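**Q** My structure is below; once you've seen it, I'll send some questions.
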Amino acid sequence: MDWAFLVVAIMNLSFVLGVLLNLGGVLTWVERKQGAVMANRIGANRAYIPIPIPQKGGGVKWSKRFTVMGLWHGIADGAKMIMKEDYTPPFVDKYIYNIAPWFAVVPVLVTFAVIPFGGPFQPGIMLSDVFGLVGADFASEWVMALFGERTFQMQLADLNVGLLFVFAVGSTGIFSAALAGWASNNKYSLLGALRSSSQMISYEVFMGMAILGLVVIYGTVDMNLIAQMQGDVWFGFLPKWGIFLQPHMFFIFMAALMAENKRVPFDMPEAESELVAGYFTEYSAMKMGLFMMAEFIEIAVIAGLLTALFFGAYHVPGVHGAGDAFYWAAHPELTPGNYVFGMEVPHVVVVVGRVGSFLAKLLFFCWFQILIRWTLPKFRYDQIMRLGWKILLPLSLVNLVLTAVVVLLIGG
Amino acid sequence: MGTQRGKNKGFENLVDGQVLPQPAYQGEFTEGEIVQYYNPESMTWAERIYLPYVLAGLGLTAKVFLRNMVTWFVWLTYWVRGKGAEAKRGATTIYYPHEMRPDFSPVNRGKHILTMRDNDDPQCVACYMCATACPAFCIHIVAGEHPDPAIEKYPVRFDIEIDKCIFCGYCEEACPVDAIRLTTDVHLVDYKRERMVYDREYLLTWKPTYVEEEHVYPGDRPRKS
């Protein structure tokens, strides 16, 4: 058995799940607080964890001041939703009603499997450096015996159909809304389900179309390769990121992804002012919480996708790791190694810096999506459909054709 | 034709493009003018593809966000030195009732109190001057005979319907013995209308309606009605 691979897979998995699930909770706080700061308000800050303070004259006074800027509100939400009565209305289709929330959560979590979040790394060299630094030589020898100088990818599944996998899994998210609305046996839910189905199917069409331009340029749908190709620079200063190749498609792709997430300004399926809560009107307790959790985790997943495809994934300009096979193959005059602007550094510096850079970009796009959510008003339903089919889809098609022609002319 | 928005009210039934036989209103149409019953397309191309204006709006909100965050971080550098009150905060929110607005008047007229003699009896001599002066008729006094003949009368009951009070301060001015005063206490809220009648004992306690240390919110205060 390949123990080294298993250990790396478990490390990757725990990192991804830890980041995603925690972001799902933290983003609820970010959403509240950022909306407040944007509107000159303070935001939710009342949830507290009571701290007992012994009094001089005996007895205990419970302080209510440990609020950490309202960070406990997310925990309070979760605790509330878990402890509420999980009520199943008598008129619903029980089986589909119960299974629908999982169709919301699972695709969102699975999508992140193909997103490269840290690039190639050599755990043997990295960990033995670290252990050598703290003087644990036996641990250094042990990790070197386990990993050797093998290079692994910081990616859960290094699929050669990466981008197709994203679309395949992402489209199953439609089932959650459609099944939830249909099984709820409620007119509001049904209307929400119909809206969400049509909206998500429409926007999925040109979500694929929009990204095809980049695929034509890169010549692959392997997310890991796409990420590696963005590690170089043009003219010595401009990073080879997707945003500089197809800046216009970035906006269209992001609009499509946000429409997939069904958040403001594309919140037709929920439309609180019209349809109560849309397709999950009949849901309560943690089943409803699963829908909300999926929504907030999907913010992070969308941010990860945008980062990986358009903003150089984990790359920082000028930083190159020993495992960057693509970069060293493109520059045979250079000696492979770990460099930060030409200066040789330990491998661990490159790896930590890259994971940090990916997380920073990811958080920036989370911030950006929440900024959009608190800025733009909701579209009308016909506006969404017109924007999708009459403007964004033709634009994507024209872009695809033009990109293909240009790539043919200049020879890829 | 459908339901086009009529530019001119009262002419919705006319057919688009119809030539009016005579001027409808003075100055509205001239004879022979072709009437348009819909607004002309007023959105420009840039407005119809949303994106430039979406970006402009995002820029505006992002600017406000960044400005407020910078203000908060500057405030934080003051706050860690214990001087948080001096710096500007990134929000216009005021933590009522923990803090009052800086322009809250120090001579604001609020909840009434009854002053006391040395033996904690009310200063009031039940002369009904305040009840007579009250334009809202919210003071109700029941007088009793005081054992001390020098004082003559005292209030057996002294009720102020605080929800009727208009805080004009006439009672304070009318009082000959300085027995009733208006404080600056404005947290006059409650969940029950019956408890908005402040009785003699409550007015004599001088207890503020909101006490920061007890962390009691207005309306939650324990009080026998």
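**Q** Please work out how much length the chain gains when fully extended from A:ASP93 to A:LYS240, using 0.36 nm per residue of separation minus the C-alpha to C-alpha distance, in nm with one decimal.
**A** 47.8 nm
**Q** What list of ³J(HN,Hα) couplings, whole Hz, do you get for region A:298-305 from phi and the Karplus terms 6.51, -1.76, 1.60, once you set θ to phi - 60° and write x for glycine and proline?
**A** 5, 4, 5, 5, 4, 4, x, 5
**Q** Using each residue's phi in region A:261-270, evaluate 6.51 cos²θ - 1.76 cosθ + 1.60 at θ = phi - 60° and report the 3J(HN,Hα) Karplus result to the nearest Hz, with x for Gly and Pro.
**A** Taking θ as phi minus 60°, the curve returns 7, 6, 10, 3, x, 10, 8, 3, x, 8 Hz for region A:261-270.
**Q** Related question: GNM, chain A, Cα, under 10 Å: largest mean-square fluctuation among A:TYR381, A:TYR279, A:TYR188?
**A** A:TYR381
**Q** Considering protein heavy atoms only and a 1.4 Å probe radius, which residues within region B:50-77 exhibit an accessible-area decrease of no less than 20 Å² in the full assembly relative to the chain by itself?
**A** Those are B:TYR50, B:LEU51, B:VAL54, B:LEU55, B:LEU58, B:THR61, B:ALA62, B:VAL64, B:PHE65, B:ASN68, B:TRP72, which lose 20 Å² or more relative to the chain on its own.
**Q** Roughly how many whole Å is it from the C-alpha centroid of region B:172-196 to that of region A:176-226?
**A** Using only Cα atoms to place each centre, the spacing works out to 63 Å.
**Q** Using a 1.4 angstrom probe, figure out how much accessible area the protein assembly as shown has per residue, in square angstrom, rounded to the nearest whole.
**A** Here the residues of the protein assembly as shown average 53 Å² of exposed surface.
**Q** To the nearest 10 square angstrom, how much accessible area does B:SER42 have with a 1.4 angstrom probe?
**A** The accessible area of B:SER42 comes to roughly 100 Å².
**Q** Next up: Go through region B:156-171 residue by residue and turn each phi into a ³J(HN,Hα) via Karplus (6.51, -1.76, 1.60, θ = phi - 60°); whole Hz please, and just put x for glycine and proline.
**A** Result, ordered by residue: 5, 10, 9, 10, 10, 7, 5, 6, 8, 4, 9, 6, 7, x, 5, 4 Hz.
**Q** Distance between the C-alpha centers of region B:45-90 and region A:24-100? Whole Å please.
**A** Comparing the Cα centres of region B:45-90 and region A:24-100, I get a distance of 26 Å.
**Q** Give me the net charge of A:THR172's neighbourhood, meaning all other residues with Cβ under 14 Å from the Cβ of A:THR172; Lys, Arg count +1, Asp, Glu -1.
**A** So the surrounding residues net to -3.
**Q** So, one more: Go through A:LYS262/A:LYS390; B:LYS111/B:LYS153; A:LYS361/B:LYS88; A:LYS33/A:LYS361 and tell me which ones have a Cα-Cα distance over 22 Å in this structure.
**A** B:LYS111/B:LYS153; A:LYS361/B:LYS88
**Q** Let me know the charge dipole size of the protein assembly as shown about its Cα centre in debye, to the nearest 20, where only the beta-carbon of Lys, Arg (+1) and Asp, Glu (-1) is charged.
**A** That gives a dipole near 380 debye.
**Q** Go ahead and set up a Gaussian network model of chain A, Cα springs under 10 Å, then flag whichever of A:LYS56, A:LYS94, A:LYS240 fluctuates most.
**A** Sorting by GNM fluctuation, first place goes to A:LYS56.
**Q** Gaussian network model of chain A, Cα springs within a sub-10 Å range: biggest mean-square fluctuation belongs to which of A:TYR95, A:TYR218, A:TYR339?
**A** Of the options given, A:TYR95 has the highest mean-square fluctuation.
**Q** So for A:ARG263, A:ARG65, B:ARG48, what's the accessible-area order with a 1.4 Å probe, most first?
**A** On the way: A:ARG263 10, A:ARG65 160, B:ARG48 100 Å².
The most accessible residue leads, giving A:ARG65, B:ARG48, A:ARG263.
**Q** On the accessible surface of region A:153-228, probed at 1.4 Å, how many percent belong to carbon and sulfur atoms?
**A** For region A:153-228, the apolar C and S fraction of the accessible surface comes to 72 percent.
**Q** Tell me, what does the Kirkwood hydrodynamic radius of region B:112-205 come to in angstroms if you use every pair of distinct C-alpha atoms?
**A** Its Kirkwood hydrodynamic radius stands at 13.5 Å.
**Q** First compute the accessible area of region A:1-100 with a 1.4 Å probe, then give the percent of it belonging to carbon and sulfur atoms.
**A** Here carbon and sulfur together make up 69 percent of the probe-accessible area.
**Q** Of A:HIS315, B:HIS140, which has the most accessible area with a 1.4 Å probe, and how do the rest follow in descending order?
**A** So the residues, ranked largest to smallest area, are B:HIS140, A:HIS315.
**Q** Taking all protein chains in place and a 1.4 Å probe, what share, in percent, of the accessible surface of region B:112-205 do carbon and sulfur account for? Write down the numbers at each step before the final one.
**A** Details: 2720 of 5210 Å².
The value for region B:112-205 is 52 percent carbon and sulfur by accessible area.
**Q** With only alpha-carbon atoms counted, please give the Rg and Dmax of region B:50-89, in Å.
**A** 14.8, 47
**Q** To the nearest 500 deg cm²/dmol, what mean residue ellipticity at 222 nm is calculated for chain A from DSSP H runs of n ≥ 4 alone, each contributing -39,500 (n - 2.57), summed and divided by the residues?
**A** So the helix-based figure for chain A works out to -20500 deg cm²/dmol.
**Q** I would also like to ask the following. Determine the total buried accessible area between chain A and chain B, counting protein heavy atoms only with a 1.4 Å probe; round to the nearest 100 Å².
**A** Interface area, both chains combined: 2000 Å², rounded to the nearest 100.
**Q** Sticking with this structure for a sec: Would you be so kind as to list the residues of region A:357-389 that have their accessible area lowered by at least 10 Å² in the full protein complex compared with their chain by itself (1.4 Å probe)?
**A** A:TRP367, A:PHE368, A:LEU371, A:ILE372, A:THR375, A:LEU376, A:PHE379, A:GLN383, A:ARG386, A:LEU387
**Q** Which far-off residues, 5 or more places away or on another chain, put their amide H under 5 Å from the one on A:LYS61, with H placed in the peptide plane?
**A** Residues meeting the amide H criterion: A:ILE53, A:GLN55.
**Q** For A:THR88, A:THR335, A:THR403, give me the order by solvent-accessible area with a 1.4 Å probe, most accessible first, ignoring ligands, DNA and RNA.
**A** A:THR335, A:THR88, A:THR403
**Q** Assign one of three labels to the protein assembly as shown, namely rounded, prolate or oblate, based on the Cα gyration tensor with a ≥ b ≥ c the square roots of its eigenvalues; rounded applies when a/c is under 1.5, prolate when it is not and a/b is larger than b/c, and oblate otherwise.
**A** oblate
**Q** Using Cα centres only, tell me the gap between region A:294-341 and region A:244-270 in whole Å.
**A** A separation of 23 Å, based on Cα centres.
The values are calculated or read from the model by the stated rules, or taken from the named source; none is laboratory data. In this text the structure is predicted, and so the values were computed from the model without any measurement. So basically every Cβ, Gly included, is an ideal-geometry build from the backbone, and we count neighbours across all protein chains shown. Remember, those area values only see protein heavy atoms, side chains included, never the ligands or the DNA or RNA. Shrake-Rupley method; radii C 1.70, N 1.55, O 1.52, S 1.80 Å.
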